[in-house]
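Comments concern the structure below.
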Amino acid sequence: MDKEGFVRELTADRIDEFPESGRVGPLSISDVQRCILHAIHRVHFGVDIIKLPGHGSSVMKRAPVVSSYEEKHLLTLIPTHDHETIDTLYKNWKRTYFSSPVDQIRDYFGEGVSLYFSFSSLYTRFLIIIALLGITEFLSEKYLGMDHVYSSVGFTLLNIFGLALYLEVWKRTSNEQSYFWGTTGKLRNKIPRPEYRGDLRMSPISGKEEMYYSPSKTMKKVLMVSAPLTLLCLSIALMLMFASLYVEAELIVYLTDPETGEIYPDIFSSVLSNIPSITYSLLIILFNSIYLKIARKLTIWENHRTQEQHDTHVTAKLVVFEFVNTFIALFYTGFYLQDLKSLKSQLFTTLMVQQAVNQVQEVLIPFFLHKPSSVRLMSKVSAKLGIKQKIIERNVKNIEELSSEDPRIQPVLQDIGADHLDSLHDDFMELWLQFGHVFLFSAVYPLAAVLALSNNITELWADRYKMCRLTRKPRPVSVRDIGAWYTAFKLIGMLSVLTNCCLLSLDLKSRTEVSWFSSDLSWFLFWVLVEHILLCIFLGLDTLISDVPRHVKMEQDRTEHHFKQLSIKQKQE
């Protein structure tokens, strides 16, 4: 935003027209670091260089210099933390409970990180409403004697409408933030990723030499290699699911009292009967982490031109696999076996196990391992075992080796020792999986939102601590929205209309006498009609509610009018 209050492009020759509100003119630290990274990656090898200087491995013609060394794991390029700024941000961040200082996060970490925290904060506040509705429904049934039919239908309808409104509120929030951060608009002709490789050609748009890799080759890689590998992983996931269900069925038969037809009431039998579900939940988490690494490597190999294309393909792979790996067992239990009691138990077990593992991984372990006493203990153990890493001195000609005590490299050594944060895909995936557990099956387990909310409250604290105290500063990325993740969340929202209507039809039919329907077919067709009406309302809200807030539209129109008049005035002069 310039001194007159208009959001517009900043150029070096017009920097005097902008306020001195950042590190360099109006530029924040994330803007400055992004400019530096862009300049670094614009340095390419000459056309005649086909071998990596100093190492001999082959490189593409005109490949980016620094990125080529990074690709061979010979160099690490990271933006370092500014400890004074991060301390101020952390203090301000700690004062908020269900929200995040997104503008300050954007100034320090960039738009990519800020949009994630903006989304997760809004989602957590939305969960408060859904959790209160779930508690109300539970208490009204248990203590006030409200009919299950009315309470279940009412809660599900409110859930669906609330979910549709939440997605629209987020879209408006995202568009507002992208406008005032200067990242709005179409992303055509974006610069290629530093990792992008191809042959040299003359650009048909700029007329300058550029790197080009045929999109058809990329698509062949996607269809001929990535898709089959993903299907193979999905097959393994299905095999694990059926194996788990088989073991659980056999175990229940073994633990069932032949006289009563129920599981033995002792504690040992109760614990043993839940072991298959717990084990399967842990296998899901393990397989998810393995596939995440596979998906990243496949997407890098596919060689997508822009960062947005790369992230979209990573997200698509993760969503397809994780949906099958995580939810297929719940769908099988609820809709094929039509065992709603087991579905509720399985949903509770999966949520509890996943959130317990998450809390241990992201809250307890980092907190205790990074305490001074723990660090000293680990250093002593590593030294005794002979695995303590030492700084390797490289005798490079004409280059002086700096001491590790040199104040110029102290921040760098500290950041290199911090945890590496490559991307936020796993954080978004964690939220997306929780989102699915809460809303796809809310008709049979309204209290799922309560469990999710309790997890997210500590998760917000853990993510804040992780970003400011434990991890390296991620490379700032300028994005306009959360990309394909919004589509993934919206698809879950639309699917939840179908799943909850189906669950309601099964639940209500098993609990009540449906005398006004002559057959099962008429009952089924009635719920198909209800589902279609709710889906039309869900999609209708998307059309009725504007994607851009009114005050943002006014700012856009005001800016357009101002510069149009300014252009006319300049032409007249």
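Pop out the carbon and sulfur fraction of the accessible area of segment 22-90 as a percent, whole number, probe 1.4 Å. Here it works out to 58 percent. Solvent-accessible area assigned to carbon and sulfur over segment 400-550 amounts to 63 percent, based on a 1.4 Å probe. Rank Leu165, Val113, Phe98 by how far each Cα sits towards the positive end of the charge dipole of segment 97-190 (+1 on Lys, Arg Cβ; -1 on Asp, Glu Cβ) and give me just the farthest. Of the candidates, Val113 comes out farthest on the positive side. Mean sequence separation of contacting Cα pairs (under 8 Å, at least six apart), scaled by the length of the chain, corresponds to a relative contact order of 23 percent. Highest average first, the peptides 78-89, 449-460 ordered by how many other beta carbon atoms sit within 10 Å of their residues are 449-460, 78-89. Express the Stokes-Einstein translational diffusion coefficient of the chain in µm² s⁻¹, to the nearest whole number, given a Kirkwood radius over alpha-carbon pairs, 4 °C and a viscosity of 1.567 mPa s. In µm²/s, the coefficient rounds to 47. Counting only Cα atoms, segment 1-150 measures 82, 46, 29 Å along its principal axes, largest extent leading.
Pairs from the list Lys61/Lys208; Lys293/Lys344; Lys171/Lys297 with a Cα-Cα gap above 22 Å: Lys293/Lys344; Lys171/Lys297.
Pairs with C-alpha atoms separated by more than 20 Å, drawn from the list Lys3/Lys564; Lys94/Lys490; Lys190/Lys473, are Lys94/Lys490; Lys190/Lys473. For Ile545, no residue 5 or more places off, or on another chain, has a built amide H under 5 Å of its own.
Summarising the amide proton neighbourhood of Ile263: residues at separation of 5 or more, or on other chains, whose placed amide H is nearer than 5 Å comprise Asp257.
Based on a Kirkwood Rh over C-alpha pairs, give the Stokes-Einstein translational diffusion coefficient of segment 405-517 at 37 °C and viscosity 0.692 mPa s in µm²/s. Taking Rh from Cα pairs, D becomes 184 µm²/s. Residues whose amide H falls under 5 Å from that of His44, counting only those 5 or more places apart or on a different chain, are Val65, with hydrogens built in the peptide plane. As an exercise, identify the GluC sites (Glu not before Pro) in segment 261-308 lying in DSSP coil whose Cβ has no more than 14 other Cβ atoms within 10 Å. Qualifying residues, ordered by number: Glu262.
Could you tell me how many cubic angstrom of Cα convex hull volume segment 155-268 has per residue? Here the figure is 280 Å³ per residue. Calculate what fraction, in whole %, of the accessible area of segment 112-151 sits on carbon and sulfur atoms when a 1.4 Å probe is rolled over the protein chains. The nonpolar share, carbon plus sulfur, comes to 70 percent. Annotation: per residue accessible area for segment 38-177 equals 49 Å², rounded to a whole number [probe 1.4 Å, protein chains only]. Chymotrypsin sites (Phe, Trp or Tyr not before Pro) within segment 80-140: which are DSSP loop residues with at most 15 other Cβ atoms inside 10 Å? When the chymotrypsin sites (Phe, Trp or Tyr not before Pro) of segment 80-140 are filtered for loop state and at most 15 Cβ neighbours within 10 Å, Tyr97, Phe98 remain. A crude spin-label estimate for the pair Glu17 and Val412, with each label 7 Å from Cα along the Cβ direction, gives 3.9 nm. Listed values for segment 408-417 are Karplus-derived 3J(HN,Hα) couplings in whole Hz (6.51 cos²θ - 1.76 cosθ + 1.60, θ = phi - 60°), namely 6, 10, 4, x, 5, 4, 5, 6, 5, x, and x replaces Gly and Pro. The calculated FRET efficiency for the pair Glu401 and Val32, based on their C-beta separation and a Förster distance of 22 Å, comes to about 0.15.
Free of any trypsin sites (Lys or Arg not before Pro) that DSSP assigns to a loop and that have at most 13 other C-beta atoms within 10 Å, the longest stretch within the chain is 209-387.
The values are calculated or read from the model by the stated rules, or taken from the named source; none is laboratory data. All figures in this text were calculated on a predicted structure; none of them were measured in a lab. No Cβ is skipped: glycine too gets one built from the backbone with ideal geometry, and neighbour counts run over all protein chains shown. Heavy atoms of the whole protein, side chains included, go into the accessibility calculation; ligands, DNA and RNA do not. Shrake-Rupley method; radii C 1.70, N 1.55, O 1.52, S 1.80 Å.
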